Every structure is written in structure tokens, then in C-alpha cells.
Amino acid sequence: MIDVAEPGLRKTISRRTPFATGGKLRKGIIFLVLCVLAAMFLFPFFWIVSSALQTTQEQQSLPLTWLPTKAQWNNFQVAWNTLPFTRYLLNSMLIVTGSTIGAVASAAWCAYGFARLRFMGRTVWFYITLSTLMLPGTLTMIPVYLIMKDLGWLNTYYPLIVPAWFGGGAYNIFLLHQFMKGIPVELEEAAKIDGASIVRIFFQIIVPSIKPALAIVAWGTALASWGDILGPIIYITDANKWTFAQAIQVFPGSMPSGWGSQLEMAIAVVFMIPVVVGFFLLQRWLIEGIQLAGVNR
Amino acid sequence: MILSLYYSLTKYDMLSPPAFVGTQNYANLFQDPSFLNSIEVTLIYTVVSVPLGLICGLGLALLLNQKVPGMRIFRTIFYLPVIVPAIASSELWLDMFSPNQYGIVNTILMNLHIINQPYAFFTEPSTALISLIYMSLWGMGGGMLIWLAGLQSVPLELYEAAKVDGAGRARQFFRITLPLLTPTIFFNMVTGMIGTLQIFVQSLVLGGVDGNPLGALDFISLFIYRHAFSYFQMGFASAAGWVLFLFIMLLTILVFWSSRKWVYYEGDVQR
């Protein structure tokens, strides 16, 4: 703090953050603006739940119903039974679990290799891996599809799970690599002197210290896999094997008569619940991790 | 990748083996008005929605950085839409943006007397893309988080020094905050561009496999998907994939190259 005699000046200088402590009025206005914006951001969530609980009549009469007079919880049941959604949910869970475990395990191994092991052309390989970030999914999609076809994997879940086991994606490797670089090497060297193998160091030193990063990778992979429709619509044609997301995409066309879009909304709500719950459980790690990944660049 | 380059030079319908046709696919591509249209749509979307998302995300982050009560709660609220899977958010917005009085957004706007006629949103070629851009702003919380981290890493001493020198708020922002945020701008810009150039799910849900209305939502990714998996023109689609890839490469290199001129890294000062 600079020592200034004049009291008025001192007051301005001692402000902790640049725009932080303007007058009470300023803060009040900003708070109000934030509230309005928050309401606008939350409105779609309100609307999806509200319309999921309306009757068909409420949906199709004017003026629009903002809140259903009586919440139609039955809508969820009707929507759920219109298509075999229980099966689709199980299918999706299988794929999400398989690809998430694969992505976390293999991305961690690859990142460990890039961060700690010395091998020929390590840096070059690392950059090559990173550059695949720019590859559009639609470019690799066609040759990958043809390979999967040759393997006889069409209409199976292998194309949706197995690729995750090969490195788990460049972004994940990059993220874990950055975190591993932050771990002090001394610990590992001590362990090496004590005769610990690379595998043991990986599991007992590296993995415990990058748990938050692993959570981010797991979350990102699970989220992508849960919401993916490009993969399923290319590979899965058998209606019994559809994923949840894929079924939602065709759902508007299979609406039972006498029902309006409240069923679509109800299914979309169900589809979002695991995502929102998961987010709140992992929130602290996720927000910090995402910020760290952005700043580390 | 190499395989796809090879396919892009062939005519391949998956029934008979690939037949080599040289650069015929590429020539056909650039004579196909629907491909040129998809390039245009994709470019417009990228050029408008990326800067718009950057500015709005930064604005949001600046507001959140003011030490007002409930900052964490606001941060969560603004971030929440980002995690909603594109398939769910597209269906939701399609419903909210219904083109008649049954759409909630039309109802609100008409009650506020902002518009007199229901707005067409996704059903009219001239408004579909604008609506999609508007919808994409709902997800600006992702960029906001990174802006926020960037803002918090700006050393406070700089502002105090500036204040002693009598610099006003606007001046502080343009002379201190913005230059120090350039790495964040760069990061958000590159990731945003790569994302928008590959937009797929939204266009499929909102516009179907043809990118309706009248190709207004026909993005390159959708074009590739349609030709590969509806028409089984694997070679032709591969060629389109390569054009998209070169596009992304070119734009990324351009941004990286120009970044030397405007991105400021603290470690670089001594050089």
C-alpha cells in the first residue's frame, strides 16, 4: 500500500480489486442486472419442466399456460412407455461406462508417458497428438466407419466404446499432461530408489495426485458419450440397440395420438437429470479444472 | 486420415470397390451449389457467433468479477446451460421458438409489444440462422468461466498504479485488462472456432438431414453426413471432409500466426 497523506486519495487507492468497491449503488445495479440475466438463463429450465407437466389441452390453448393447474406427473410415465426407454437407458449406461473407463485409463497412461518417460521423438509425438484436436470428427468418421464395417462391428457397441480405449482423445491427454507436469519429480525419484516399478509409481503417486483432473476427464467423456448422436445413428440401426440420445432424436415422430409436445419435454427432462445431478456432485472440481486448463495454455 | 485422403480421390458407394477418379470429387464439390451454400452457412455462423460469444462471455465475466454477493451461485447458473446435451437443448429451443402464438418466446415478445406478428424463428430461411446464433449464446457460460479465471490472474498492483496515474475505468480496461487477457481471448477464440466449424447435432435436430429450411441450417458437417450415410457417396463425402479440415487448419494457422502480433505472454517481456 502506498502511503498517501490525503484521506480521500487513500480511500481510492486501497481498493482491493479494480472495479470492485464502487458505491453501494453501483453494486446494487450490477446485482440487479445479474439477477435479470440469471432469470433469462434459467427460464428455459423452468419452461421445460413446466411444459412437461401440462395436459394436452393446456398445451394447445391460448393464451399459453405458464404453470400447469395440476402437475401431470403421469406424463413422465406415458412418455417413458411410448418407446422402450428403459432398454435405451441401459444401452446408454453400458456405452457411457465402457467408454469413460477406457478414456480415463488410457488417457492417463498416455499422458504419463508424455510427461515422465523418455523416448525417441517424445515432443514430436506430443504435438502430433495435439494436432488431432483440429481434425473434424466428420473427416475421420468415414474411414473409421469403413474399418468398423470390415471388422463386422456394425450394429454393435464396439465402435462407440473401443476408440475411447486408444488414448482417450487428445484434449484429455493434454489436460492430464498439464496436471502431471505440476507434480514434483522428487517423490518419484525417491520411490525409484526404493525399487518401485513404473507401474507402481503410476498407481501410488501419480494417480492419487491428479484425482481432480481424472474427474474432469471422466465427466467430459461421460457427458460426450451420453449426448452423442452422430456415433449411434451411424453405427446402430437395430431399434433394440438404440441409445437414449438416439431415441430422443426420433421420439417426436412416434408420439401417441392425443398427446402434444409435453411428452418430448418430459423425456428431455429425464435425459437431463443425470447430467445436472452429476454436475452438482462434481461442481467444485469441474469449475476449477476447466479454468486451470484454460489458463495453462 | 490417409485412408480418407485416398477415398476422397475415389468413387465409392460401398457396393463395388472404390474406383480411382482423381480430383473429380473436388471439382464436383465446388460446382455443387448446395456445398457452396453449406460453406457459406458455416462461415457466417462461425464469424458471427464466435465474436459474439466472446464479447458476451467477457461481459458476463466482468459483471461476475465485481465481488457482488452470490457470485458462486450466479456462476453456476450461467454455466448450467453448457452441460445440457445439444440434443436436449435443441428440442427445448425448438419448442420455445415455435413460429406461432404457441411459442413461449413469441408470446412474451408480443406481450411486451416488441413484435406484432409471431416471429418465424427456425421455419423461415432468413431467420433460422439468426435464431440458432441466439440459441448458441445460451451456452456462453463455458467461455465465461475461462474469462473469469483470466480476469482473476491480472495483478492488482497494475490497477492501483494506474489509479495513482489517474486512469479511469474505461482506460484501465483497455490498457490493462484487455492486453493481459489476450492469451485468454486467443484460447477462447481457437476453441470456439473449432467447435462452431464442426457444428452438427443442432443442425440435424433443428433442420433435419437436409438442413432445412431451404438449406439455411445446412452446415458442412451435415452435408458430409448426408452424402456419406444417406446417399452412400463415401468418396465425395471424404473430399468434403478434407475441404472442411483444410478450412479449419487455415483459419487456425491464421489465428496462430496473427497471435504473435496481438497476444501478450508475461514470460515474453525479456526477449
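Values quoted throughout were computed directly from the atomic coordinates according to the rules given, and no laboratory measurement underlies them. For clarity, every value in this text was computed on a predicted model and none was experimentally measured. Backbone-built Cβ (ideal geometry, glycine too); neighbour counts: all protein chains shown.
With only Lys, Arg, Asp and Glu charged, each at its Cβ (+1 for the first two, -1 for the last two), find how big the charge dipole of the stretch A:83-254 is about the Cα centre; round to the nearest 20 debye. Could the numbers behind the result be given before it?
Values: 10 positive and 7 negative charges, 16 e Å.
That gives the stretch A:83-254 a dipole magnitude of about 80 debye.
If each Cα of the stretch B:134-188 is one equal point scatterer, what is log10 of I(q)/I(0) from the Debye formula at q = 0.19, 0.28 Å⁻¹?
At q = 0.19, 0.28 Å⁻¹ the computed log10 ratios are -0.71, -1.07.
Hey, any idea what the orientation-averaged projected area of the convex hull of the stretch B:72-199's Cα atoms comes to, in nm²?
10.9
Summing -39500 (n - 2.57) over the DSSP H runs of n ≥ 4 in chain B and dividing by its residue number, what mean residue ellipticity at 222 nm do you reach, to the nearest 500 deg cm²/dmol?
On the way: 14 runs with 183 residues, N = 271.
After summing the helix terms and dividing by the residues of chain B, the value is -21500 deg cm²/dmol.
With +1 on each Lys and Arg Cβ and -1 on each Asp and Glu Cβ, how big is the dipole of chain A about its Cα centre, in debye rounded to the nearest 20? Display every interim value, and only then the final one.
Numbers: 20 positive and 12 negative charges, 169 e Å.
Roughly 800 debye, rounded to the nearest 20.
Using just the Cα positions, wrap the protein assembly as shown in a convex hull and report its mean projected area in square nanometres, one decimal place. Intermediate values should be presented prior to the final figure.
Details: hull surface 128.2 nm².
That works out to 32.1 nm², a quarter of the Cα hull's surface.
Using Cβ contacts closer than 10 Å as the measure, can you line up A:Val269, A:Val33 from fewest to most? Don't skip to the answer; put the middle values down first.
Values: A:Val269 21, A:Val33 13.
With the fewest neighbours first, A:Val269, A:Val33 line up as A:Val33, A:Val269.
With a cap of 14 neighbouring Cβ atoms within 10 Å, and only residues DSSP puts in a loop, list the chymotrypsin sites (Phe, Trp or Tyr not before Pro) found in the stretch B:145-235. Walk me through the numbers before you get to the answer.
Numbers: sites: B:Trp147, B:Tyr159, B:Phe173, B:Phe174, B:Phe186, B:Phe187, B:Phe200, B:Phe219, B:Phe223, B:Tyr225, B:Phe229, B:Tyr231, B:Phe232; in loops: B:Phe200, B:Phe219, B:Tyr231, B:Phe232.
Of the chymotrypsin sites (Phe, Trp or Tyr not before Pro), the ones in loops of the stretch B:145-235 whose Cβ has at most 14 other Cβ atoms within 10 Å are B:Tyr231, B:Phe232.
Any idea how far the Cα center of the stretch A:44-80 sits from the one of the stretch B:150-210, in Å?
First find each Cα centre; the distance between them is then 39 Å.
Restricting attention to the stretch A:22-107, which trypsin sites (Lys or Arg not before Pro) occupy a DSSP loop and are surrounded by at most 15 other Cβ atoms within 10 Å?
Sites meeting the loop and neighbour criteria: A:Lys70.
So what is the relative contact order for chain B, in percent, with contacts set as C-alpha pairs under 8 Å and at least six apart?
On the way: 314 pairs, mean separation 80.1, N = 271.
With pairs under 8 Å counted, the relative contact order is 30 percent.
Please report, largest first and rounded to whole Å, the three semi-axes of the ellipsoid equivalent to the stretch A:105-249, where each semi-axis is the square root of five times an eigenvalue of the C-alpha gyration tensor.
On the way: eigenvalues 238, 55, 37 Å².
Rounded to whole Å, the semi-axes are 35, 17, 14.
Explain nothing, just the number: dipole magnitude of the protein assembly as shown about its Cα centre with +1 on each Lys and Arg Cβ and -1 on each Asp and Glu Cβ, in debye rounded to the nearest 20.
Details: 32 positive and 25 negative charges, 332 e Å.
Computed about the Cα centre, the dipole is about 1600 debye.
Once the convex hull of the C-alpha atoms of chain A is built, how many Å³ does it hold per residue, rounded to a whole number?
On the way: hull volume 65.3 nm³, N = 297.
Enclosed volume per residue, from the Cα hull, is 220 Å³.
Of the options B:Phe200, B:Tyr231, B:Pro85, report the single residue whose Cα projects farthest towards the positive end of the charge dipole of chain B (beta-carbon charges: Lys, Arg +1; Asp, Glu -1).
Final value for the positive-end residue is B:Pro85.
Enumerate the calculated ³J(HN,Hα) couplings along the stretch B:230-247 in order (Karplus 6.51 cos²θ - 1.76 cosθ + 1.60, θ = phi - 60°), each rounded to whole Hz, writing x wherever the residue is Gly or Pro.
Along the stretch B:230-247, the couplings run 9, 9, 6, 9, 4, x, 4, 5, 4, 4, 5, x, 5, 4, 4, 4, 4, 4 Hz.
Lysine pairs in the stretch A:83-254 with alpha-carbon atoms under 23 Å apart, 8 or more places apart or on different chains: how many are there?
On the way: A:Lys149/A:Lys241; A:Lys181/A:Lys192; A:Lys181/A:Lys211; A:Lys192/A:Lys211.
Within the stretch A:83-254, the lysine pair count is 4.
Using the C-alpha gyration tensor of chain B, what are the square roots of 5 times its eigenvalues, in whole angstrom, with the largest one first? Kindly include the intermediate steps, with their values, before the conclusion.
On the way: eigenvalues 312, 156, 40 Å².
Rounded to whole Å, the semi-axes are 39, 28, 14.
Arranged by the count of other C-beta atoms within 10 angstrom, fewest first, what order do A:Leu67, A:Leu176, B:Leu52 take?
Details: A:Leu67 10, A:Leu176 26, B:Leu52 15.
Placing the least packed residue first, the sequence is A:Leu67, B:Leu52, A:Leu176.
Charges on Cβ only, +1 for Lys and Arg, -1 for Asp and Glu, centred on the Cα centroid of chain B; of B:Leu222, B:Phe245, B:Gly70, which one is farthest towards the dipole's positive end?
After comparing all options, I get B:Gly70.
Please build a GNM for chain B, connecting alpha carbons under 10 Å apart, and tell me which residue among B:Ile83, B:Ile146, B:Ile220 fluctuates the most.
Of the options given, B:Ile83 has the highest mean-square fluctuation.
Quick one: Karplus J couplings for the stretch B:79-96, per residue in order, coefficients 6.51, -1.76, 1.60, θ = phi - 60°, nearest Hz, x for Gly and Pro?
7, 3, x, 4, 7, 5, x, 4, 5, 6, 5, 5, 4, 5, 5, 4, 6, 5
Hey, got the average number of other protein chain Cβ atoms within 10 angstrom for residues in B:142-149?
Details: counts 2, 1, 0, 7, 7, 2, 3, 9.
Going residue by residue through B:142-149 and averaging, the value is 4.
Of A:Ala196, A:Pro252, A:Ile229, which is farthest along the charge dipole of the stretch A:192-297 in the positive direction, counting Lys and Arg as +1 and Asp and Glu as -1 at C-beta?
Value computed over the given set: A:Ala196.
Tell me the chymotrypsin sites (Phe, Trp or Tyr not before Pro) within the stretch A:80-123 that lie in a loop according to DSSP and have at most 15 other beta-carbon atoms within 10 Å.
Values: sites: A:Trp80, A:Phe85, A:Tyr88, A:Trp109, A:Tyr112, A:Phe114, A:Phe119; in loops: A:Phe119.
Here the chymotrypsin sites (Phe, Trp or Tyr not before Pro) that fit, given the DSSP loop and packing criteria, are A:Phe119.
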